[in-house]
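J.: Below is a structure I'd like to ask you about.
The values are calculated or read from the model by the stated rules, or taken from the named source; none is laboratory data. Since the model is a prediction, treat every value here as computed from it, not as a measurement. Cβ placement follows ideal geometry from the backbone for every residue including glycine, while neighbour counts extend to all protein chains displayed. Surface areas here come from the heavy atoms of the whole protein model, side chains and all, with no ligands, DNA or RNA. Shrake-Rupley method; radii C 1.70, N 1.55, O 1.52, S 1.80 Å.
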Amino acid sequence: MYKISGRRGLLQLGTGCALALATPVFARDAKKKTEDTISPPEDLMREHAVLDRLMLVYEHGMRRLGQGEDIDPAVFVQSATIVRDFIHNYHEKSEEELVFPRFKTAGRMVELVNVLVVQHAAGRKLTERILAGAPQARPRDPREAMGRDIQAFIAMYRPHGAREETDVFPTLRQLVTGDEYDGIAEDLEKRERQAFGADGFEKIAKKVAEVEKVIGIYDLDVFTPKS
């Protein structure tokens, strides 16, 4: 423990205490809120990770179907349902309403943003078809049709997500003021809470984990090369 001695030391201690006491409660609460709030890029990128995990479920499920295994159609139904509700209806809608307009206003990456919007619409159509075909995934013809839609979905969304993460999300901070940036973060959090309740992201991640366990890819070590 440091020992404060002399008049100077007492003055320094007194000044520090006075500053601490003088800091308004609302200012300390605001600072804590800022520290607890996830930045827009981090928020959007962790939602991308949910999609990445679901695409792994798609791939693994189709591979096992191709090997003649009888995969429960619920694996595809549940995965596509999460994609529809969390990715299309929430995540992509947030991008289109909160993020992309900033680029159009600033005249930055407008062509890329337009392509991303078109791909969102294409993704929704693919998911609708996957959901329609998933309950009959065991018969040969519906399974092949669903497989083509899943392949098209993955082929589009892998580069789609990569371009958003490397080009769009990092640039967003350059296009808005600090207050606008914080406002986007708050809006994203509010939308998540309204759509999925408190701890909405954690609930969705748990649902994804449950599907991964059914298909046998929850344990990350299954992806580790064994030779």
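J.: Quick check on packing: order 42-48, 79-85 by the mean number of other C-beta atoms within 10 Å, highest mean leading. Before the final figure, lay out each step's value.
T.: On the way: 42-48: 17.4, 79-85: 21.3.
With the highest mean Cβ count within 10 Å placed first, the list reads 79-85, 42-48.
J.: Averaged per residue, what accessible surface does the range 80-227 expose to a 1.4 Å probe, in Å²?
T.: Working: 8060 Å² over 148 residues.
Per residue, the range 80-227 has 54 Å² of solvent-accessible surface.
J.: Could you check how much of the accessible area of the range 106-173 is carbon and sulfur, as a whole percent, using a 1.4 Å probe? Please list the in-between numbers first.
T.: On the way: 1930 of 3530 Å².
Answer for the range 106-173: carbon and sulfur cover 55 percent of the accessible area.
J.: Tell me the label-point distance for the pair PHE196, VAL115, using the 7 Å Cα-to-Cβ offset, in nm and rounded to one decimal.
T.: Here the modelled spin labels are 2.8 nm apart.
J.: On to the next question. Starting from 0.36 nm per residue, how many nanometres of slack lie between ARG124 and VAL222 once their C-alpha separation is accounted for? Display every interim value, and only then the final one.
T.: Details: separation 98, 0.36 × 98 = 35.28 nm, distance 3.02 nm.
Between ARG124 and VAL222, full extension yields 32.3 nm more.
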